[in-house]
Structure formats: structure tokens, C-alpha cells
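The values are calculated or read from the model by the stated rules, or taken from the named source; none is laboratory data. Worth saying up front: this structure is predicted, and the values here are computed from it rather than measured. In this analysis, Cβ positions are derived from the backbone assuming ideal geometry, glycine residues included, and neighbour counts consider all displayed protein chains. Surface areas here come from the heavy atoms of the whole protein model, side chains and all, with no ligands, DNA or RNA. Shrake-Rupley method; radii C 1.70, N 1.55, O 1.52, S 1.80 Å.
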Amino acid sequence: MLHKTITYLIALIWFTNGLICKVLGLVPRHQAIVAQILGVEHAYLFTKLIGVSEVLMSFWIVSKWYRKLNAIVQCVIIAVMNTLEFTLVPDLLLWGKWNSFFALLLIGFIVWNERYYQQLES
């Protein structure tokens, strides 16, 4: 039950950030981050594409298809994204450079959840 709850919470984070913040554009800061990193002229399109990708990630998480690969991909994406943001646009982050702490916390939950699930299977 705990594994299932954490899995859905992680998927909800991806879904919310993708759909609400980026696809629907309800958090303009996300597009501003993309604009500073990838350029203003493509920010709208790339923000939407990133958002759709995050929504798709949430469905992949819930599907449990290739769980271990999914966990690895999530961790890599979160680490790369947060490293870029920490380095290039810390002033646009919700919690500034503290965002890295929360990103690391999320990576920890993803890894722990996958390992916990593996133990359940044994």
C-alpha cells in the first residue's frame, strides 16, 4: 500500500508540473526558465513539449512498465534539469538554490520506492 501511494504521489508531481504549470501555462515562471535557458523565440513551444513529456512520464510511472528504467530516467531528468536551473537561472526558481535540496529529496523517494517495490517482489 505504501509503495502504491508513493508511486501515485510521484506521478502526481510529474502530472501537475506538466499539465498545470507548463501545458496550461498557469505558472509563467516555468516558461521564463525555458526562455532564459533555450531562448525566448522557442520558449513557448519547448515549455509545452516539456509539459507534455512530463504528463507522459506520469502515465509511464502509473503503468509500471519497465519500472526500473523509469526510475532511472526520472532521476537523470530531475538531476540534469535541476543542475541546469541551479547553474543558469537560480533567481527564477521557486526556492532559489534550495530547489536542489527538494530535487534530491524527490530523487531519494523515487530510488527508495523502487527498491522497496523490489523487496516486495522477493
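Return the only residue of 72, 13, 110, 77 being open to solvent by less than 50 Å² (accessible area, probe 1.4 Å) and at pLDDT 95 or above. Give the derivation first.
Numbers: 72 fails: open to solvent by less than 50 Å² (accessible area, probe 1.4 Å); 13 fails: open to solvent by less than 50 Å² (accessible area, probe 1.4 Å); 77 fails: open to solvent by less than 50 Å² (accessible area, probe 1.4 Å).
From the options 72, 13, 110, 77, the qualifying one is 110.
Please give the number of the condition residue 43 fails out of (1) within 30 Å of residue 3 (Cα to Cα); (2) free of Cβ contacts under 8 Å to residues at least 24 places away in the same chain; (3) open to solvent by less than 50 Å² (accessible area, probe 1.4 Å).
Every listed condition holds for residue 43 apart from (1).
Can you name the residue in the stretch 1-22 that is within 14 Å of the chain's Cα centre (by Cα) and among the β-branched types (Val, Ile, Thr) and, of all such residues, is nearest to residue 55 (Cα to Cα)? Before you say what the answer is, go through the steps one by one.
Within the stretch 1-22, the first condition is being within 14 Å of the chain's Cα centre (by Cα), and the residues that meet it are 7-22.
Remaining after also requiring among the β-branched types (Val, Ile, Thr): 7, 10, 13, 16, 20.
Values: 7: 14, 10: 12, 13: 9, 16: 8, 20: 10 Å.
Residue satisfying both the conditions and the ranking: 16.
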